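Notes to accompany the following structure.
Only the coordinates and a few stated rules stand behind these numbers; no lab work does. Fair warning: this is a prediction, and the values are worked out from it, not measured in the lab. Cβ placement follows ideal geometry from the backbone for every residue including glycine, while neighbour counts extend to all protein chains displayed.
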Amino acid sequence: MSSAALSFTVEVRSDALPDDQREAVLANPGFGKTFTDHMVLATWSAGPGWHDAKVTAYGPLSLFPSAAVLHYGQEIFEGMKAYRHADGSVWTFRPEANAARFARSARRLALPELSQRDFTESLKALVSTDEKWVPAGDAGEASLYLRPFMFASEAFLGMRPAAEVTYCVIASPAGPYFAGGLKPVSIWLSTEYTRAAPGGTGVAKCGGNYAASMIALVEAADNGCDQVAFLDAVERKWVEELGGMNLFFVQSDGTIVTPELTGTILEGVTRSSIIELAQDLGHKVDERRVSIDEWRDGVAGGEITEVFACGTAAVVTPVGRLAWQGGSVVIGDHDVNGGVGSVTASIRQSLLDVQYGRAADSRGWLTRLV
Ligand SMILES: *Cc1c(COP(=O)(O)O)cnc(C)c1O
């Protein structure tokens, strides 16, 4: 099988959105609603491997109703951002970490791997073609959200890994993830449903994990909460993560605790970056198991002073309340900073400062796209 580097042919569309309409979208992008003029496509076939890599007009895909992904959910994805720095250059954050995770997810879902080089080249090809869609990010938190994904496109209902697979990257201008600015979110503790079981796909970034967590999100909304926290599937005791974000706990002595990776928690790039940045800021960081009782009692007793969730899309988001069937606890002081704890705020700021080029990139986390 060929492993030669892919080269992405660029087919520039002649009917791109006019400048004034694009500017209107960029002024108020929301999240995940509008997409840029182009997308990346590449095809993998058993035998020849990856081929037909291109940047082409964003538009509907043509799939047979028998495409395997529609039946068996053989699909993986990534979530990243392109950040515009004050000098106009455009960068992304730790793409090698996302590429490595994409390859791990591919192995778990029996999909073909895409090399780290091809992965990063695909982002460069798309973002340089749609460069005008990268918002000025320095003020606020605007960025161009990048969504690479891969799925079984073979028209075949038999039970085996697909012999034809499509890789695609789409891009969507993004303002802050949570409309209404940085406010603490409320979290519903799911006791009926779990997200991931040992040996399952929790550690892979696949659509199926999200499909399985939607019902708990509906339950959360029915109970007046914004997000869901999941416990481990075996003992129903250990805090794992939210449906799409990792969790951190700040203790009164300044120590920061995050659930250790167990094989059922998604290894967030934001999570691992915060573990390093928090140490720079003078915090001791513990990766260990955290029980739901430690969370509830720690908040009630004052040992846990702040809780936050993190992920690429929402960056760092304070958690203001934990609710469950029969009770709830309020975390932090809503009279101070609107409920955004000072440790949460400083970690958030130091991460954004690296991403937007306002702080030295001492770890080489940034890759220039344009
Ligand atoms: C993507 C994702 C995260 C966050 O990962 P980042 O790399 O930080 O964006 C956390 N949990 C789940 C389940 C995810 O899918």
Q) Taking N as the number of residues in the chain, what is its Cα Rg relative to 2.2 N^0.38 Å? A) 1.00
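Would you kindly state how much longer the chain becomes between E131 and D222 on full extension, computed as 0.36 nm times their sequence separation minus their alpha carbon distance, in nm to one decimal? Intermediate results must be reported in sequence, preceding the final value.
Numbers: separation 91, 0.36 × 91 = 32.76 nm, distance 4.05 nm.
Computed gain between E131 and D222 is 28.7 nm.
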Q) Given the chain, what percent of its DSSP beta bridges are antiparallel, to the nearest 5? A) 80
Q: Between the alpha-carbon centers of segment 1-50 and segment 120-189, tell me the distance in whole angstrom.
A: 11
**Q.** segment 9-174 - Debye-derived log10 I(q)/I(0), Cα point model, q = 0.10, 0.15 Å⁻¹
**A.** -0.39, -0.83
Q) With a 10 Å Cβ neighbour count serving as the proxy for reagent exposure, in which order, fewest first, do H85, H334, H283 appear? A) H334, H85, H283
Q.
Normalised by the empirical 2.2 N^0.38 Å for globular proteins, what value does the Cα Rg of segment 140-290 take?
A. 1.20
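Given an 8 Å cut-off on Cα distances and at least 6 residues of separation, report the relative contact order of the chain as a percent.
On the way: 785 pairs, mean separation 67.5, N = 370.
Computed value for the chain: 18 percent relative contact order.
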(Q) Using 0.36 nm times the number of residues separating A360 and E303, minus their current alpha carbon distance, what extension gain do you get? (A) 17.2 nm
Q: Would you please give the residues with an amide H less than 5 Å from that of V10, counting only those at least 5 places away or on a separate chain, with H modeled from the backbone geometry?
A: V55
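Quick one: K205, K81, fewest Cβ neighbours within 10 Å first, how do they rank? Spell out each step's value before the answer.
Values: K205 25, K81 21.
Going from least to most buried by this count: K81, K205.
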Q: With label points built 7 Å along Cα→Cβ from the Cα atoms of K284 and A86, find their separation and express it in nm.
A: 3.7
Q: Would you list which aspartates and glutamates come within 16 Å of K205, measuring only between C-alpha atoms, while excluding same-chain residues fewer than 8 positions from it?
A: E75, E78, E96, E113, E240, E241, E267
Q. Points 7 angstrom from Cα along the Cβ direction at R368 and R117: gap in nanometres?
A. 2.0
Q | Between segment 247-277 and segment 332-355, the alpha-carbon center distance in angstrom | A | 16
Q | Using θ = phi - 60° and Karplus 6.51 cos²θ - 1.76 cosθ + 1.60, couplings along segment 41-48 (whole Hz; Gly, Pro as x) | A | 9, 8, 10, 10, 10, 4, x, x
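Can you give the local net charge around G79? Use residues other than it whose beta-carbon is closer than 11 angstrom to its beta-carbon, Lys and Arg +1, Asp and Glu -1. Don't jump to the answer; show the numbers that get you there.
Details: positive: K81, R101, R147, K205; negative: E78.
Charge balance near G79 sits at +3.
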Q) If amide H atoms are built 1.01 Å from N in the plane of the peptide, which residues on other chains or at least 5 residues away come under 5 Å of the amide H of E241? A) F230
Q.
Testing the spin-label approximation: label points 7 Å from Cα along Cα→Cβ at H334 and T191. State their distance in nm.
A. 2.4
